[in-house]
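Colleague: There's a structure below that I have some questions on.
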Amino acid sequence: MDTVLVTGGAGYIGSHVVKNLAAEGYRVVVFDNLSTGFRDSVLAGDLVVGDLADSAALDELLRTFRPAAVMHFAANIEVGESVRDPLKYYRNNAANTVNLLAALAREGVRKCIFSSTAAVYGIPDTIPIRESEPIRPINPYGQAKAFVEKVLEDCSRSGDIDYVSLRYFNASGADPQGRIGERHTPESHLIPLTLKAARGARRNITVFGSDYATPDGTCVRDYIHVEDLSSAHLLALEHLLQGGESGAFNCGYGHGYSVSEVIETAKRVTGVEIPVELSGRRPGDPPVLVADSTGLQQALHWKPRHDDLEFIVRTAWEWERKQS
Ligand SMILES: NC(=O)c1ccc[n+]([C@@H]2O[C@H](COP(=O)([O-])OP(=O)(O)OC[C@H]3O[C@@H](n4cnc5c(N)ncnc54)[C@H](O)[C@@H]3O)[C@@H](O)[C@H]2O)c1
């Protein structure tokens, strides 16, 4: 079976994909500097600890393991931090990706699956968002991801690489067997924050804005279970290995839940009356972000299996309650 290199495979999403790649019989090598990832999240394959900035380490890695493809998750992921410290994001998410792509070109690795984001769309004109929507990021995090998508397009045109960019909406949930889950520090995502409040690790959950033009006034997001996100990666891999075309695809269910609906679901699942604090809107938060994922379903034959907020929150809770 082919070897797949997974950068950032010790992180939240990467570790779920590593587990599923191994279950499908792929040989996996994780490359991660463990800056936000965890050694014990890597449930399969080899872990090489190293940094994407280190070209010599990348060359050695590629020569040793000879991967057929790369899945590139490694990045910093906090939008707010990217506004405060843009250079961190342009360095790690953009420049270090160019470094990786240069190493891939040197060593003749031609297939790449890239972790992109809904943040490349900024504030979209149309909902659900199609891939043809203008790319207009409004923060350095989204800018750096959009830049990498462009670099991949150019490298594909020059014949250096075949790629699939997957634009994730809100990755959520955890391994249904409870072995791995979301472990960001600081945490900025709604579901784990709400569940931390449920287990008493936070005082409350803050709702930013309750006067949006949405049914209950709170922001609506498209929460995709990390296992369905993972299956999109495996399909993208097969697609590229079989000589399929490069492209960018949205990853989401095509409908969303409001912040209030998520909190209510968390109260039901946990049985805890989670304290809620209302606060003002955050700048740059679009009222609704929902994916049109027809492209992923048609081109890659993706079939979501966990389009169920209750299941998402339940698997996240099983994981979260073990964190105390
Ligand atoms: N979590 C989401 O909802 C979401 C949404 C859209 C896109 N994404 C993208 O998905 C990817 C994974 O996100 P995540 O939530 O799993 O984040 P994470 O922080 O849990 O994982 C990132 C991993 O990359 C590693 N890493 C970072 N910089 C590195 C470097 N220079 N060299 C080697 N390893 C490095 C970290 O140690 C960590 O293990 C990121 O590219 C992120 O931008 C995530």
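The values are calculated or read from the model by the stated rules, or taken from the named source; none is laboratory data. Bear in mind that the values here come from a model prediction, so they are computed numbers and not experimental data. When we count neighbours, we look across all protein chains shown, and the Cβ atoms used for this are built from the backbone with ideal geometry, even at glycine.
Colleague: When the residues of segment 35-59 are filtered to those that are closer than 22 Å to THR185 by Cβ and touching a strand residue (DSSP E or B) at 6+ places or on another chain (Cβ under 8 Å), which remaining residue is surrounded by the most Cβ atoms within 10 Å (Cβ to Cβ)?
Modeller: LEU52
Colleague: Scan segment 207-230 and tell me whether some residue there is away from the ligand (no atom under 16 Å from the Cβ), farther than 29 Å from GLU131 by Cβ and of a type in the set (A, V, I, L, M).
Modeller: Scanning segment 207-230 turns up at least one residue that is away from the ligand (no atom under 16 Å from the Cβ), farther than 29 Å from GLU131 by Cβ and of a type in the set (A, V, I, L, M).
Colleague: Considering only residues that are more than 14 Å from the ligand (Cβ to nearest atom), among the hydroxyl-bearing types (Ser, Thr, Tyr) and within 13 Å of LEU61 (Cβ to Cβ), which ones fall in segment 1-46?
Modeller: If the condition is that a residue be more than 14 Å from the ligand (Cβ to nearest atom), among the hydroxyl-bearing types (Ser, Thr, Tyr) and within 13 Å of LEU61 (Cβ to Cβ), then THR3 is the only one that fits.
Colleague: Is it the case, given these coordinates, that THR206 is crowded, with 21+ Cβ neighbours inside 10 Å, of a type in the set (S, T, N, Q) and either in a loop (DSSP other than H, G, I, E, B) or touching a residue at least 60 places away in the same chain (Cβ under 8 Å) (or both)?
Modeller: The answer is no for THR206.
Colleague: Could you please find all residues in segment 133-168 being small (Gly, Ala, Ser) and crowded, with 18+ Cβ neighbours inside 10 Å?
Modeller: Scanning segment 133-168 gives GLY142, ALA144, ALA146, SER165.
Colleague: Ok, one more. Could you tell me whether any residue of segment 46-66 is under 19 Å from the mean Cα position of the chain (by Cα) and of a type in the set (Phe, Trp, Tyr)?
Modeller: No, there is no match, as no residue in segment 46-66 is under 19 Å from the mean Cα position of the chain (by Cα) and of a type in the set (Phe, Trp, Tyr).
Colleague: Only one of LEU193, LEU241, LEU237 is among the aliphatic types (A, V, I, L, M), in contact with a strand residue (DSSP E or B) (Cβ under 8 Å, 6 or more places away or on another chain) and more than 30 Å from ASP160 (Cβ to Cβ); which?
Modeller: The match here is LEU193.
Colleague: Looking only at segment 228-280, which residues are in a helix (DSSP H, G or I) and more than 19 Å from ILE312 (Cα to Cα)?
Modeller: Within segment 228-280, LEU234, LEU235, ALA236, LEU237, GLU238, HIS239, LEU240, LEU241 meet the criteria.
Colleague: Which residue pairs have Cβ atoms closer than 6 Å, lie 6 or more positions apart in sequence or on different chains, and pair a first residue in segment 234-250 that is modelled with pLDDT of 95 or more with a second residue that is part of a strand (DSSP E or B) and of a type in the set (Val, Ile, Thr)?
Modeller: Sorted first by the residue in segment 234-250, then by its partner, the pairs are ALA236/ILE113; ALA236/VAL164.
Colleague: What is the residue count in segment 147-162 for residues that are closer than 18 Å to ALA95 by Cα, touching a helix residue (DSSP H, G or I) at 6+ places or on another chain (Cβ under 7 Å) and not aliphatic (A, V, I, L, M)?
Modeller: Qualifying residue count for the region: 4.
Colleague: Okay, next question. Restricting to segment 1-28, give me the number of residues that are crowded, with 24+ Cβ neighbours inside 10 Å and aliphatic (A, V, I, L, M).
Modeller: 8
Colleague: I've got another one for you. Are there any pairs, at least 6 apart or on different chains, whose C-beta atoms fall under 7 Å, with the first in segment 86-99 and closer than 17 Å to LEU58 by Cα and the second of a type in the set (A, V, I, L, M, F, W, C) and exposed (fewer than 15 other Cβ atoms within 10 Å of the Cβ), and if so, which?
Modeller: Short answer, once both residue conditions are applied: ASN96/ALA53; ASN99/ALA53.
Colleague: Can you run down the residue pairs with Cβ atoms below 9 Å, 6 or more apart or on separate chains, where the first is in segment 102-113 and assigned by TED's automatic domain parsing to the domain that holds ARG157 and at pLDDT 95 or above and the partner is surrounded by fewer than 18 Cβ atoms within 10 Å (Cβ to Cβ) and polar (S, T, N, Q)?
Modeller: These pairs meet every condition: ALA102/SER55; ALA103/SER55; ARG106/SER55.
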